[in-house]
1. Please give the direction-averaged projected area of the C-alpha convex hull for segment 306-431, in square nanometres with one decimal.
2. For segment 258-275, what does the Karplus curve 6.51 cos²θ - 1.76 cosθ + 1.60, with θ = phi - 60°, yield as ³J(HN,Hα) per residue in whole Hz, taken in order and with x for Gly and Pro?
3. For LYS129, which lysines qualify as cross-link partners when the Cα separation must be under 17 Å and same-chain residues fewer than eight apart are set aside?
4. Need one word for segment 72-152: rounded, prolate or oblate. Basis is the Cα gyration tensor (sqrt eigenvalues a ≥ b ≥ c); a/c below 1.5 gives rounded, then a/b vs b/c decides.
5. Any chance you could check the Cα centroid distance between segment 265-298 and segment 184-233 for me, in angstrom?
6. Can you tell me which of 371-379, 85-93 comes out highest on packing, and rank the rest after it, using the mean Cβ neighbours within 10 Å?
7. Run the reach check for LYS211 against lysines, Cα to Cα strictly under 16 Å, same-chain hits fewer than 8 apart removed. What comes back?
8. Taking the Cα centre of the chain as the origin and placing charges on Cβ (Lys, Arg +1; Asp, Glu -1), which of LEU131, LEU204, SER379 is farthest toward the positive end of the dipole?
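The values are calculated or read from the model by the stated rules, or taken from the named source; none is laboratory data. These figures come from a predicted structure and were not determined experimentally. For neighbour counting, all protein chains shown are included, and Cβ atoms are generated from backbone atoms with ideal geometry for every residue, glycine included. Just the protein is used for accessible areas: all its heavy atoms, side chains included, with ligands, DNA and RNA removed. Shrake-Rupley method; radii C 1.70, N 1.55, O 1.52, S 1.80 Å.
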Amino acid sequence: MTHPHRLPTALGRSAPQGATLAARQSRFRGVPGRGLWRAVGLASFTAGLSCLAHPALAATKVTVAVISLADDARYGARREERAYPGHPTGRAVDGAQLGADDSSFELDAEGIALEVRDVVLPSAVALPKALAELKAAKVQHLVADLPLAVMRQLVQTAPAALGGAMVFNAGLDDDSLRADGCAAVLLHTYPSRQMMSDALVQYLAARNWRKALVLQGPLPGDALQGQAWARSAKRYGIKTTQERPFKLSGDPRERNLANTRLLTGDRDHDVVAVMDSDGEFARGLPYATQWPRPVVGANGLMAVAWHPQWERNGGPQLSRRFAKATHRPMTGQDWAAWMAVRSVVAALVDNPKSSVAEQLKGLRSGKVFVDGFKGPRLSFRAWDGQLRQPLFLSHIDGVVGTAPLDGVLHPKEVLDTLGVDEKESTCKARL
């Protein structure tokens, strides 16, 4: 393997890029019987220089574009400052760049140079112009860090605009993108809302915490969380004893809707499950309930794609590299962006001369595996493009378990117990 900043030698060693022939000759002076080796070494060294300079042998350049929106509400200054659990705390480009850095060794062996390009749209209307510029640069690998509406626009327009595309969703848990709104070119490294709900409810069932008081928020995202919870609870036998609405409001007539003691006054429950896509109400719920009950869902015990305190499978090293580069902890969204780039690399290494359509087919077939530092080899589901992956059951300070839990069974692949299985899928977009 040739280090990117060193030149090859005949003896399998390396020399600094600025090394001279005279300096290399001096290594062999006074060494008996080394004249032949010296001649071979110099000849190979000279040949290596000519090969590196030959345009036909130059590294193949692949660019991955990370597309985001400048005024994305998820990255408002106040939201990033408050760091709501489960929410992003920085742009996806940070994780993508680390993915490229971590893959340099593999790519060097295949003669591939990978570049990450940060594309920040000033507004959604700038997307066509950005795609035209990416086409001119021959970019076909996209990591999308976008709100739902712009994500849908990107998925619909990118394949035609770029002459073929592979799009990774690295931040949205929306189940519709894996269902009727799916696309053949769209892969998901971030887990779906249903996957995270299934992981959490599996844990509750394993602990025999089977009665839940559900606090339901008023936002559309809260309703979607509630729907995912209801499906998971039915699947694993968790009973909703009561569902009560909450609302954060400045109207004094609605103040009781934010009173955590009143909302949790009913004693007949094992856990309080909070459906809060915004995160503000859930932030103040743990230890503020009327009865001593654990909080799960949008705070307390949560299912996440990544936790900086994951202590196995190379997790500490990955989290440290990210924190050193960005000066913040790695979140699930960061991991998903890192994983998107690692997936591109896996497809390239699997078949370095493949087209983007062939790479996409290899990933969606489930035959190309990626190491996500979570234990098992990971692959994508053919039916909806979702990355199969374990999820961490965690609180703010650590990981208490992983899902799928021991004892959960599946006829083919236990990771498919998280989220929508093939027979349940309504996605019609197949390669």
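1. Over every viewing direction, the Cα hull of segment 306-431 projects on average to 8.9 nm².
2. The phi angles translate into 10, 7, 5, 6, 5, 5, 10, x, 5, 8, 7, 7, 8, 9, 10, 9, 10, 9 Hz.
3. Correct list for LYS129: LYS138.
4. oblate
5. 15
6. The most tightly packed comes first, giving 85-93, 371-379.
7. LYS234, LYS239
8. SER379
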